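One structure below.
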Amino acid sequence: MYETVKRNCVMENDVAEANLVPTVKEVAAHCGVSGATVSRVLNGNYNHGFSVSKEVHQRITEAADALGYRPNLAAKNLVRKQTKMVTILGCNTILGWPGNIYQTIINASVRALHVRGYDVCITVPTLEQEDVELPSWRVDGAIVLQECTRKTIELMEKTNLPYVVVNGVGGPSCSTVIPDDVEAMRRAIGHLIDLGHSRIAYAGPTREHKEHRSIGDRHDTYLSELSKHGFEPIAGHDTVFRSAPAFLASAVIKNHATAILAYDHVEAIKILQGAHMLDIQIPRQVSLMCFNDEYICDIVTPPLTCVGVPSRQMGRIAARMLLTWLESPEDYVPECVKLSQELTIRSSTAPPLKK
């Protein structure tokens, strides 16, 4: 008896599990129409003179919503010869890096694409085994975050797959959207000079940073701006950032820097911690500012003065560029959009102590 009851329960559970994913036939039976009619309505396939009344259309869509029906993507793709799906590449580079700008970029891009009816997928391939990052399924286009492999770029160019690169470089057919790091560094140095600083140190990137155009742009502009004002760079500006206490001991204690400009918020947070360990007061003894105005910069003590990358705007523009290529290819022309960065002044910067 127990075995019979148990077997019946299992069968009922199997039926319930199967019914979690309703089919076109079930929607059709619920509405009293054919499966082909349901499929055409839900997939938006009104070719070859097909039409239904508003009442039938509403009955089908309401039934599909009530039953939780979701169209089969593969079937839709066969009908309309496109996937209405975009992939985001480059996540191998940016995932795992603390509080980076790309989360906001992704959110803004995805929202803009969703409004136009596109789904978005993200894959993280094993680059030790695969040197092409495109997914195994078909997509209509791609947004690349910072960088992807050379072979991925070559394949997208060869197959004419529409793609846009954010904060990086691509092939000849793609568009790019980048922050203006040269102008941003000028504004940062200008802010510190306006406060009265002439001994300005630069904390460059860590060895974990991949080679990126911002590394050279920021460092070169740091040197040229100091030279323009007749100031000397502080020793250590051209070395890899390894230890905040060691950097502070060299830049502040030994070389008497009164201000520090960090490559990004990660180095700045480490410097804040190192200053606490060495009993160096920020900003009383040394001012501190950085690039990348991430959430944490506003909640540490003292809150950090930052030059912030316009992440949300970059994401929206990247989506707009891609949508133009996808939906109006005759109007698409590759372009590079360079955006200004916003200087946000907080309490980590102040005039230097008078001697």
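Derivation of every value follows stated rules applied to the coordinates shown; laboratory data play no part. This structure is a prediction, so every number in the text was calculated from the model and none was measured. Please note: Cβ atoms are built from the backbone with ideal geometry, for glycine as well, and neighbour counts cover all protein chains shown.
By DSSP, what percent of the beta bridges with both residues in the chain are antiparallel, rounded to the nearest 5? Beta bridges within the chain, antiparallel portion: roughly 10 percent.
Its residue count N sets the reference 2.2 N^0.38 Å, and the alpha-carbon radius of gyration of the stretch 181-309 equals 0.94 times that reference. For the chain, the longest principal axis of the Cα atoms and the long axis of helix 102-115 meet at an angle of about 30 degrees. Using the alpha carbons alone, the radius of gyration of the stretch 236-335 stands to its Kirkwood radius in an Rg to Rh ratio of 1.23.
Our estimate of slack between SER243 and PHE231, defined as 0.36 nm per intervening residue step minus the Cα-Cα distance, is 1.8 nm. Modelled spin-label separation between CYS336 and HIS276, with each label point placed 7 Å from Cα along the Cα-to-Cβ direction: 4.1 nm.
Relative contact order for the chain using alpha-carbon pairs under 8 Å, separation at least 6, rounded to a whole percent? Taking the mean separation of contacting Cα pairs over the length of the chain, I get 17 percent.
Computed from Cα positions, the angle between helix 54-67 and the longest principal axis of the chain comes to roughly 70 degrees. Angle of helix 311-327 to the longest C-alpha principal axis of the chain, folded into 0 to 90 degrees and rounded to 10: 40°. Relative contact order (percent) for the stretch 203-305, with alpha-carbon contacts under 8 angstrom and 6 or more residues of separation? Once normalised by length, the contact order is 26 percent.
Ignoring aspartates and glutamates fewer than eight residues from LYS158 along the same chain, the ones with Cα atoms less than 17 angstrom from its Cα are ASP131, GLU133, ASP140. Evaluated over the Cα positions of the chain, the convex hull gives a direction-averaged projected area, one quarter of its surface, of 27.3 nm². Sorting 344-352, 84-92 by their mean Cβ neighbour count within 10 Å, with the most densely packed peptide first, gives 84-92, 344-352. Averaging the Cα positions of each part gives two centres, and for the stretch 312-326 and the stretch 264-290 these lie 37 Å apart. One Cα centroid belongs to the stretch 209-232, the other to the stretch 114-186; the line between them spans 27 Å.
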